[in-house]
Every structure is written in structure tokens, then in C-alpha cells.
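Here the structure is laid out as C-alpha cells; the discussion comes afterwards.
Every number here is computed from the coordinates shown, using simple stated rules; none is lab data. Model, not experiment: these values are computed from the prediction. Here Cβ is always computed from backbone atoms with ideal geometry, including for glycine, and neighbour counts include all displayed protein chains.
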Amino acid sequence: MDIESLVYPAFENEIKRGEFIVCDIGELRLFWSFAYNQDGQRLKQHFDQVIQQITMQGSLAALYKKYVLTMAKLVNVNTL
């Protein structure tokens, strides 16, 4: 999760951007979860396909840029 997109707007009226810095001190591994049934499996397959497609097209990166978010590393949990 990109905390900068939450911090800067929360303090934009009280603190000027040059008065503090935001730095990475750790990383959270967040996972999407789907119901453990046939519908959940179909939804997971669709989700995986669309994420791969929009990543390859550059659309996902464009959304992150548009909303001033830091691009997360996408990891295939099946390879962990």
C-alpha cells in the first residue's frame, strides 16, 4: 500500500511538503483472497488474467501514476 497517497492529502493544509519526508521503512505483503469454491476459482482466474493484461499494456502503471501511487511488486504466490 502506498502511504504517501494518504499522508500528503491528510496534511496538505497544515504542513508544506518540504517540511517533512516520507521514507520506506518496511514492506507489507498483501494478498487478494477469493472464496474457496468454483465461483471463487473462476473469479481468481479472471483477476489474474486481467492483472497480467493491464500490466503488460501499461494500464496498471498509468493508474498508479494518475493517482500518485507507488507501484507495488506483483508476485505470483504459486512461486513463493
Which FRET efficiency, nearest 0.05, do Met56 and Phe31 yield, Cβ-Cβ r, R0 30 Å?
0.90
J(HN,Hα) series, region 51-67, from Karplus relation 6.51 cos²θ - 1.76 cosθ + 1.60, nearest Hz, glycine and proline x:
4, 4, 5, 6, 5, 5, 6, x, 5, 5, 4, 5, 5, 4, 5, 4, 9
